[in-house]
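J.: Please find one structure pasted underneath; my questions will follow.
Each reported figure results from applying straightforward, stated rules to the coordinates on display, with no laboratory input. All values reported here derive from a predicted model rather than from experimental measurement. Glycine gets a Cβ as well: all are built from the backbone with ideal geometry, and neighbour counts include every protein chain shown.
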């Protein structure tokens, strides 16, 4: 199949990746989409036909990623890809004070390190190999508003997305050598199956800690927020399409529901004020001493 609009998207079985595939296919792209299960590959082919070519790979498996790159290379002949969309990711929940280091490493491995592995594997198909034909492609990295406005109780996730953005900014400068652009998309809350998983996530290991009530509050709050105010994932698919097709794309696009409240205002207000509001919302507050106790201490020190 000859197609000059080929793009690789990671993590397309559900959510933002699936919706991005849907939007791009409707715009005439052929999407090479990564999935981890054969059943998902078969379902996607039924849904999107020959316009979607599933790639069976786990992005944390470097060998599988490089094999997928070779497979795509064979299918696009000597042409460059239009783009690479790093979407696959996970959320590891829990207060950082008690989060197992192995879980923190897993969060960083999937969301921050693996995207670089994918970029390195597919870079020759985006323009670093001068023998290939066509204009250089673009890299679109799906970050999160949590990279800029850190979210308590999923601090590992915010850490990974902040790291992804730092990597993306440096890469955008470095890849100017090849004419490859890097665009960051920062979604706010999106109504996807990710929150269904979050609702069922077993966080009982934090029950003995001081954060348990806050963890329970957060689990209920974030799921309700996604279902009530979350954007449809197709909105993110449209943002990806814009990042891939605009003549002069922005370096980053924030796609946020209730944008002023959830994005503009938190970045304008003093950091301590935002901290206090988030802590109050989730019940992460230091118990205040009784007024009598405070008065007695003041008397003793005077």
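J.: May I ask you to compute the full-extension gain from residue 200 to residue 268, defined as 0.36 nm times their residue separation minus their alpha-carbon distance, rounded to one decimal in nm? Spell out each step's value before the answer.
T.: Working: separation 68, 0.36 × 68 = 24.48 nm, distance 3.45 nm.
In short, 21.0 nm is gained.
J.: Can you give me the C-alpha center-to-center distance between the range 93-170 and the range 1-65, rounded to a whole angstrom?
T.: Comparing the Cα centres of the range 93-170 and the range 1-65, I get a distance of 19 Å.
J.: If you average 1/r over all unlike Cα pairs in the range 108-195 and invert the result, what Kirkwood radius do you get in angstrom? Please list the in-between numbers first.
T.: Numbers: mean 1/r = 0.0713 Å⁻¹.
The answer is 14.0 Å.
J.: Rounded to the nearest 500, what is the chain's calculated 222 nm mean residue ellipticity when only DSSP H runs of at least 4 contribute -39500 (n - 2.57) each, over all residues? Don't skip to the answer; put the middle values down first.
T.: Details: 12 runs with 140 residues, N = 302.
Calculated from helices alone, the mean residue ellipticity at 222 nm is -14500 deg cm²/dmol.
J.: Hey, fewest Cβ within 10 Å first, where do 57, 273 land in order?
T.: Values: 57 23, 273 11.
Lowest to highest Cβ neighbour count: 273, 57.
J.: How large is the Kirkwood hydrodynamic radius of the range 1-58, in angstrom, based on all distinct alpha carbon pairs? All intermediate terms of the calculation are to be shown ahead of the outcome.
T.: Details: mean 1/r = 0.0918 Å⁻¹.
Kirkwood hydrodynamic radius for the range 1-58: 10.9 Å.
J.: Then there is this: Step by step: find N for the range 1-130, compute 2.2 N^0.38 Å, then divide the Cα radius of gyration by it. What's the final number? Could the numbers behind the result be given before it?
T.: Working: Rg = 15.4 Å, N = 130, 2.2 N^0.38 = 14.0 Å.
Normalised by 2.2 N^0.38 Å, the Cα Rg of the range 1-130 equals 1.10.
J.: Testing the spin-label approximation: label points 7 Å from Cα along Cα→Cβ at residue 227 and residue 285. State their distance in nm.
T.: The answer from the label model is 2.7 nm.
J.: Got a sec? Which residues in the range 14-39 would a label at residue 60 touch, if it sits 7 Å along Cα→Cβ and we count backbone N under 16 Å?
T.: Backbone N within reach: 35-37.
J.: One-quarter of the Cα convex hull surface for the range 97-156, in nm²?
T.: Working: hull surface 21.0 nm².
That works out to 5.2 nm², a quarter of the Cα hull's surface.
J.: Can I ask one more? In degrees from 0 to 90, rounded to the nearest 10, what is the angle of the helix 155-174 Cα long axis to the longest principal axis of the chain?
T.: Tilt of helix 155-174: around 40 degrees.
J.: Give me the one-decimal nm value for the distance between modelled label points at residue 260 and residue 38, 7 Å along each residue's Cα-to-Cβ direction.
T.: In this crude label model, residue 260 to residue 38 measures out at 5.4 nm.
J.: Taking only Cα atoms and a 10 Å spring cutoff, compute GNM fluctuations for the chain and point out the largest among 95, 257, 208.
T.: Highest fluctuation among the options: 208.
J.: Running a GNM on the chain with Cα contacts under 10 Å, which residue among 145, 285, 14 ends up with the highest mean-square fluctuation?
T.: So, out of 145, 285, 14, the one fluctuating most is 285.
J.: Could you give the angle, 0 to 90 degrees to the nearest 10, between helix 291-301's Cα long axis and the longest principal axis of the Cα atoms of the chain?
T.: Here the helix axis deviates by roughly 70 degrees.
J.: Follow-up. Taking the alpha-carbon set of the range 140-239, what are its Rg and Dmax in Å?
T.: Looking at the range 140-239, its Cα Rg and Dmax stand at 16.3, 53 Å.
J.: If I build a Gaussian network model for the chain, linking alpha-carbon pairs within less than 10 angstrom, which residue out of 157, 98, 253 has the largest mean-square fluctuation?
T.: 98
J.: Would you list 26, 73, 13, 168 from fewest to most Cβ contacts within 10 Å? Spell out each step's value before the answer.
T.: Details: 26 13, 73 17, 13 20, 168 23.
Ranked by crowding around the Cβ, least crowded first: 26, 73, 13, 168.
J.: Related question: Neighbour counts of other C-beta atoms within 10 Å: give me 151, 119, 90, 185 arranged from fewest to most.
T.: Values: 151 18, 119 21, 90 15, 185 24.
Listing 151, 119, 90, 185 from fewest to most nearby Cβ atoms yields 90, 151, 119, 185.
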